[in-house]
Amino acid sequence: MGNPAAPGKAATMRAQYGAWPYPHVPLLASLPSTHPFELHASWLWDRAGSGPAPTRPRIWIAGCGTFQPYAFAVANPQAEIVAGDLSEPSLAVARRRCAVHGVRNVAFAPLDLDDPSTWPDGQFDVVECYGVLMNCADPLATLRALRARLTARGVLRLMVYPHWSRQRVFQLQRVAKLLGFTAAERSHPARLRAFVKRLPAAHPLRHAFTTYADSRNDAGVVDAFLHGGDRGFTGWQVGALLADAGLQPAHWFHRPWAQPDAMAERLALTGRSQGEVLAYLDLWQELRGNFVVLARAADAPPRIVQATAAHPSFRGDAAGLRHRLRLLRLGLVGGTLPARTGDAPLRVRPADARALGAGRVPATLAHGPLALGGDHGSKLPAHADWPGEAAFLARAAALRLGRRAPNPLYAHLFAAWELAQRAPELQLPDLETQMGRWLPWADPLEGRPVRYGLTPYGTLLRFRQNVADHLAAPELPLAADYAAVRLRDDAATLQRVRALVAAGGEAPAVARHDAALRELAVLLLGHDALFLCLEPA
């Protein structure tokens, strides 16, 4: 899982986030004190099965960016919080934000997760490592070291990107690289945005870019599409990463549909590991978010299931005048609280808010996020190895030759359709049976103007017979790269992509060899075909 051969990655990340502090949030933007309730240490410990959290927990935000220290301080006003980041400019913004909003319980320090000598001293009740681990040279070594900094019942909240659901972002990163856009040029994020918006409205890459929330600001474009060290993990890889680091998943920060137990029951995947179930969800583009997990040390004391109790942030004895006034308003008119799981916002009725304020949990909220207590862990095994995954991933990414070769733009969709056939050891049913199981639950993104190409389920509905014929056909030979293939009407196609690139004047004037132009042609011009003609050179 590690990548010891990437010693310069920290320097790349330091330069990127030094020039583009992230996330880009206005300094005066405030976070209502009731909103980050899922970041409260008591809530995190409860969901992880760690029992009652310390009254004054020690929290370490390992890779804090510009906003997380403020969010955690709002959620945990009594905590001792240590926040570190590789980017000094990001730290400066985070420090100013806390000062502007009167936050005084956060200590800031430069941090390089690849260099333990920069780490803060001691152990922590909560470690937050959100969207950072994939930037490390050796994720496994870093995660092992983070696990060693947990107290006996401490919890680590980890976010990493998913491999399959992030394929469109990776393809856009590839387009940007082939066009010559970089994070080093201040004008390039805006120019990339202008270029992508010239693509047809039905193009899945344009859809992925324009629906990505951070694409509206330049720092967000850099973080997503001009990133210097991005990578994703499959569900199996996340499971292996946690297990090899001496951690166990304790609770998943996913919308209810994306909880592994719920999905295993609905799709007849009982008996599988959490990693395998989430890998399947990711492959079928139904995760709709990143992998976010609360983990505990594998040798931590046994889980504790607490009795039902009101969330401490909503009790009448909560600290802070402004916060008490906010609770008073909830008790008078109710309100809406955002969820951090991709689920619908939570509507709190006035009567429910008053009950919480009095320390009672109304029946309507007894099993919801505003109550502590209950067992929130998965009943499925944490992890099971799949020795064939590396070969499957390599095959999915390979160029296939033939008159009806799978379009590389849709390679991740073909991977979902081909999984059962290519990995019989997983004992999945055939594709038609899988489609039947998905029928009540799949949530295709396809619609106007993108009619297909966003999800395996939605695309297969349109091309069912074509995909069936593909699965029944003999194996196609593979090509090493785009230098080893030719497209149909190769010369004319290369001229078309040259004209597309030059038309708007956004792309840098750099030399592009034919192999790069062929790859750009597939990514930019091939969206209206599920299959392409790829011939050997």
Practice problem: Considering only the range 111-121, state which residues are open to solvent by 40 Å² or more (accessible area, probe 1.4 Å) and either among the hydrophobic types (A, V, I, L, M, F, W, C) or touching a Leu at 6+ places or on another chain (Cβ under 6 Å) (or both). | Solution: Thr118
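One line per residue, one yes/no per condition, for (1) open to solvent by 70 Å² or more (accessible area, probe 1.4 Å); (2) in a loop (DSSP other than H, G, I, E, B); (3) under 23 Å from Ala415 (Cα atoms):
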site: Val467; (1), (2), (3): no, no, yes
site: His470; (1), (2), (3): no, no, yes
site: Glu475; (1), (2), (3): yes, yes, yes
site: Ala492; (1), (2), (3): no, no, no
site: Arg496; (1), (2), (3): yes, no, no
site: Leu500; (1), (2), (3): no, no, no
site: Glu506; (1), (2), (3): no, yes, no
site: Ala509; (1), (2), (3): yes, yes, no
site: Arg512; (1), (2), (3): no, yes, no
Quiz item: Hey, Ser90 hits all of (1) part of a loop (DSSP other than H, G, I, E, B); (2) open to solvent by less than 10 Å² (accessible area, probe 1.4 Å) but one; which does it fall short on?
Solution: (1)
Exercise. Working only within the range 15-42, note down all residues that are open to solvent by less than 10 Å² (accessible area, probe 1.4 Å) and in contact with a Ser or Thr (Cβ under 6 Å, 6 or more places away or on another chain).
Key: Phe37
Quiz item: Can you name every residue in the range 261-270 that is assigned to a helix (DSSP H, G or I) and either within 16 Å of the chain's Cα centre (by Cα) or surrounded by fewer than 21 Cβ atoms within 10 Å (Cβ to Cβ) (or both)?
Solution: Asp261, Ala262, Glu265, Arg266
Quiz item: Taking Phe108 and the conditions (1) open to solvent by 30 Å² or more (accessible area, probe 1.4 Å); (2) farther than 22 Å from Tyr22 by Cβ, which numbered condition does it fall short on, given that it satisfies the others?
Solution: (2)
Exercise. Scan (1) touching a residue at least 24 places away in the same chain (Cβ under 8 Å); (2) open to solvent by 20 Å² or more (accessible area, probe 1.4 Å); (3) part of a helix (DSSP H, G or I) for the single condition Leu460 breaks and write down its number.
Key: (2)
Self-check item: Qualifying positions in the range 146-158 - open to solvent by 30 Å² or more (accessible area, probe 1.4 Å) and of a type in the set (A, V, I, L, M, F, W, C)
Solution: Ala148, Ala152
Quiz item: Are any of the residues in the range 305-314 free of Cβ contacts under 8 Å to residues at least 60 places away in the same chain, under 27 Å from Ala79 (Cα atoms) and open to solvent by 20 Å² or more (accessible area, probe 1.4 Å)?
Solution: no
Practice problem: Output the qualifying pairs, or none if there are none: Cβ atoms under 8 angstrom, residues six or more apart or on different chains, first residue in the range 232-249 and over 18 Å from Thr151 (Cβ atoms), second residue part of a helix (DSSP H, G or I) and of a type in the set (Val, Ile, Thr). | Solution: Gly235/Val277
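This table checks each residue for (1) part of a helix (DSSP H, G or I); (2) among the polar types (S, T, N, Q); (3) buried (at least 22 other Cβ atoms within 10 Å of the Cβ).
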residue: Leu44; (1), (2), (3): yes, no, yes
residue: Pro54; (1), (2), (3): no, no, no
residue: Gly65; (1), (2), (3): no, no, yes
residue: Ile81; (1), (2), (3): no, no, yes
Quiz item: With respect to the numbered conditions (1) open to solvent by 20 Å² or more (accessible area, probe 1.4 Å); (2) of a type outside the set (D, E, K, R); (3) modelled with pLDDT of 95 or more; (4) not in a helix (DSSP H, G or I), which one is the sole condition not fulfilled by Ala405?
Solution: (1)
Practice problem: Specify which of the listed residues (Ala250, Ala213) is in contact with a helix residue (DSSP H, G or I) (Cβ under 8 Å, 6 or more places away or on another chain) and open to solvent by 10 Å² or more (accessible area, probe 1.4 Å). | Solution: Ala213
Practice problem: Using the structure shown, decide if Val450 is assigned to a loop (DSSP other than H, G, I, E, B), hydrophobic (A, V, I, L, M, F, W, C) and either modelled with pLDDT of 95 or more or closer than 15 Å to Ala529 by Cα (or both). | Solution: yes
Quiz prompt | Evaluation of Ala240 against (1) modelled with pLDDT under 95; (2) open to solvent by 10 Å² or more (accessible area, probe 1.4 Å); (3) not hydroxyl-bearing (Ser, Thr, Tyr) (one fails), failing number | solution = (1)
Practice problem: Evaluate the following for Arg288: is it open to solvent by 50 Å² or more (accessible area, probe 1.4 Å) and more than 27 Å from the chain's Cα centre (by Cα)? | Solution: no
Quiz prompt | Pairs with Cβ under 6 Å, 6+ apart, first in the range 330-357 and open to solvent by 60 Å² or more (accessible area, probe 1.4 Å), second of a type in the set (D, E, K, R) and assigned to a helix (DSSP H, G or I) | solution = Arg340/Glu38
Quiz item: Pick from the range 176-204 the residues that are outside any loop (DSSP other than H, G, I, E, B) and touching a Pro at 6+ places or on another chain (Cβ under 9 Å): which of them is surrounded by the fewest Cβ atoms within 10 Å (Cβ to Cβ)?
Solution: Arg191
Quiz item: Filtering the range 93-105 down to residues that are in contact with a helix residue (DSSP H, G or I) (Cβ under 9 Å, 6 or more places away or on another chain) and of a type in the set (Lys, Arg), which residue is surrounded by the most Cβ atoms within 10 Å (Cβ to Cβ)?
Solution: Arg97
Quiz item: Do you know which residues across the range 422-447 are more than 18 Å from Ala268 (Cα to Cα) and either open to solvent by 60 Å² or more (accessible area, probe 1.4 Å) or outside any loop (DSSP other than H, G, I, E, B) (or both)?
Solution: Arg422, Leu445
Quiz item: Within the range 205-225, restricting attention to residues that are assigned to a loop (DSSP other than H, G, I, E, B) and without any contact (Cβ under 8 Å) to a residue 60 or more places away in the chain, which residue is nearest to Pro21 (Cα to Cα)?
Solution: Tyr212
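The values are calculated or read from the model by the stated rules, or taken from the named source; none is laboratory data. Computed from a predicted structure; not experimentally measured. Cβ coordinates were reconstructed from backbone atoms using ideal geometry, including for glycine residues, and neighbour counts include every protein chain displayed. Calculation scope for accessible area: heavy atoms of the full protein, side chains included, ligands and nucleic acids excluded. Shrake-Rupley method; radii C 1.70, N 1.55, O 1.52, S 1.80 Å.
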